1. Count, please, the residues in segment 98-118 that happen to be loosely packed, with under 15 Cβ neighbours inside 10 Å and either aliphatic (A, V, I, L, M) or not in a strand (DSSP E or B) (or both).
2. Among the candidates Ile387, Ile404, which residue alone is within 16 Å of the ligand (Cβ to nearest atom), open to solvent by less than 20 Å² (accessible area, probe 1.4 Å) and out of contact with any Ser or Thr (no Cβ under 6 Å at 6 or more places or on another chain)?
3. Given (1) open to solvent by 30 Å² or more (accessible area, probe 1.4 Å); (2) over 30 Å from the mean Cα position of the chain (by Cα), identify the lone condition not met by Asp312.
4. How many residues does segment 451-463 hold that are surrounded by fewer than 24 Cβ atoms within 10 Å (Cβ to Cβ) and either within 10 Å of Asp319 (Cβ to Cβ) or out of contact with any His (no Cβ under 9 Å at 6 or more places or on another chain) (or both)?
5. Quick one: in segment 203-218, of everything that is of a type outside the set (S, T, N, Q) and outside any loop (DSSP other than H, G, I, E, B), which residue is surrounded by the most Cβ atoms within 10 Å (Cβ to Cβ)?
6. Go through (1) open to solvent by less than 20 Å² (accessible area, probe 1.4 Å); (2) away from the ligand (no atom under 16 Å from the Cβ); (3) out of contact with any Ser or Thr (no Cβ under 6 Å at 6 or more places or on another chain); (4) within 13 Å of Ile387 (Cβ to Cβ) and name the single condition Asp430 misses.
7. Pairs, please: C-beta under 7 Å, at least 6 apart or cross-chain, first residue in the same structural domain as Leu361 (by TED's automatic domain parsing) and in segment 450-478, second modelled with pLDDT under 95?
8. Only one residue in Ser348, Ser355 is in contact with an Asp or Glu (Cβ under 9 Å, 6 or more places away or on another chain), buried (at least 21 other Cβ atoms within 10 Å of the Cβ) and more than 13 Å from Leu288 (Cα to Cα). Which one?
Amino acid sequence: MRVPVIFICLLLVNAAQAQVKTTNNVPVENKSAAVKYGETITSAAVSKQLHIIAGAGMEGRETATAGQEKAAAYIISQFKAAGLQPGVDGKWEQYYPLYADSLLNSTITVKEKTYLYGKDFLSDLRNGVAQDLSATQVVYADMGIVNAAQDDYRQQDVTGKVVMIRDVVKKGMHRDKSNLEDKIKAAHDKGVAAILVISPSAGRFSALNQQKLRTTGLYWQKDTTARPNVYFITPALASAIMGIENSEALLEDLDNGKKVPALINTDIHIVFEKAATILHPSNVLAYLEGTDKKDEVVFVTAHYDHLGKEDDKIYYGADDDGSGTSAVIEIAAAFARAKKAGNGPRRSMVFMTVSGEEKGLLGSRYYTEHPVYPLERTVADLNIDMIGRIDPAHEKDTNYLYIIGDNKLSSELRPINEKANNTYTQLKLDYKYNDPNDPEGFYYRSDHYMFAQHGIPIIFYFNGTHADYHAHTDTVEKISYELLAKRARLVFYTAWDIANRDRKLVVDRHER
Ligand SMILES: [Zn+2]
């Protein structure tokens, strides 16, 4: 489960184990062949898996790290042992590119005084390109606004020049981020070599996490749109360029109409160097061929990545999403046992554990944009993300599971899931988070959403959040294994029905 999408200022560039009720009251007359295999998904089996997956050896499974690769190798070993087939044209992994840039060196020298990155200025690291630029003039273009009514460049030729603009609004007005983007575009259209943005919060640069300012973190795609390098500078640095002694009130003075010449004679040297890295994390896919409807596929998914480690603290991610990963492995093994015994599903099954989830659903996004199995023949995605714990709302009655998204694309899915539950698992299904107006927005926060965006019916199985969510205390001893196994069995029985029914699930709804 990923954190909600929050809007980050452009300047920053970017329960104790509860008692579990066991239910042995499955109505015998309703038992089917499915039960024989579903019951092989035991608490002991998922516990064994989870102790390895969320063990210290996996180092928190952060995407594009050695820990993630170890986890992938382990998952593959389990799929192989269960007798499944590699799911990516004979291979187990689908690799996808992610990018990460880190700053090597950046300085701005004005009249032989050198100003430092992270203290006196910041740059737009991700979009920045190598630069070593000396100039004797800086063009001051006030707010840098260019539109039908206004041209802050006053039709000057600024091709190849360094321009300085300010990005402030008067007190009490909101700063408009798109406004800055417009200004950068206007400067780009005029062919400038670098943009210096005098920033009101620049004085706070040195208080920011300096480590985080020097790397972009992983990002999805190389932005191929060329644009000039953008440097956010402190009023002090701006004053030095302008040759003004007192920088304290610079922005206020400019707001109040202080006149600055459009052409400033100075001596400036800008250096920017970064290292660009391409990383190749993976999704792991196992395939089980169906019988008479094998061209249609049913997906069962979970994300195997988590948050990695910080210094010597490991984020174990036992619930998030070691629980789902363990469940997918055991569900896959149960289907493989069924097939070996001649009870294999009619439709093909794909068991996919993805990475990149905690970075923004990147692995599932890549898969659905580069599907190995045609999306139009992908019948459903049952996604499991956090099913091993009990949230504060259910401490008294722990036999529950949140069901999210099940009725959004197909009217047939909820009845199938409820029938499987009524027949085999008797969990209290809680639909609270399926409400599109729920402020948590969980529907948008795990990998099923990428499938739903392509019109594929999904169910998201989830236990809710808890005090250890995204903390290094999300550990194996806090998991309820009976509950984890039972919830995994519900996914198994629902998948069994979807894979074996005569007709493919209808897509007859389009809910948010
Ligand atoms: Zn998470």
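The values are calculated or read from the model by the stated rules, or taken from the named source; none is laboratory data. Values in this document were obtained by computation on a predicted structure and should not be read as measured data. For neighbour counting, all protein chains shown are included, and Cβ atoms are generated from backbone atoms with ideal geometry for every residue, glycine included. These area figures cover heavy atoms from the full protein model, side chains too; ligands, DNA and RNA do not enter into them. Shrake-Rupley method; radii C 1.70, N 1.55, O 1.52, S 1.80 Å.
1. Residues in segment 98-118 being loosely packed, with under 15 Cβ neighbours inside 10 Å and either aliphatic (A, V, I, L, M) or not in a strand (DSSP E or B) (or both): 4 in total.
2. Numbers: Ile387 fails: out of contact with any Ser or Thr (no Cβ under 6 Å at 6 or more places or on another chain).
Of Ile387, Ile404, the one residue that is within 16 Å of the ligand (Cβ to nearest atom), open to solvent by less than 20 Å² (accessible area, probe 1.4 Å) and out of contact with any Ser or Thr (no Cβ under 6 Å at 6 or more places or on another chain) is Ile404.
3. Checking Asp312 against (1) open to solvent by 30 Å² or more (accessible area, probe 1.4 Å); (2) over 30 Å from the mean Cα position of the chain (by Cα), the one that fails is (2).
4. Applying the first criterion (surrounded by fewer than 24 Cβ atoms within 10 Å (Cβ to Cβ)) to segment 451-463 yields 452-456.
When the remaining residues are screened for being either within 10 Å of Asp319 (Cβ to Cβ) or out of contact with any His (no Cβ under 9 Å at 6 or more places or on another chain) (or both), the result is 452-454.
Going through segment 451-463 one residue at a time, the tally reaches 3.
5. Restricting attention to segment 203-218, the residues satisfying the condition of being of a type outside the set (S, T, N, Q) are 203-205, 207-208, 212-214, 217-218.
Narrowing further to those that are outside any loop (DSSP other than H, G, I, E, B): 203-205, 207, 212-213.
Values: Gly203: 14, Arg204: 12, Phe205: 22, Ala207: 7, Lys212: 12, Leu213: 18.
Only one residue tops the list, namely Phe205.
6. Failed condition: (1).
7. Short answer, once both residue conditions are applied: His466/Ala15; His470/Val3; Lys478/Gln17.
8. Details: Ser348 fails: more than 13 Å from Leu288 (Cα to Cα).
Of the residues listed, the single one that is in contact with an Asp or Glu (Cβ under 9 Å, 6 or more places away or on another chain), buried (at least 21 other Cβ atoms within 10 Å of the Cβ) and more than 13 Å from Leu288 (Cα to Cα) is Ser355.
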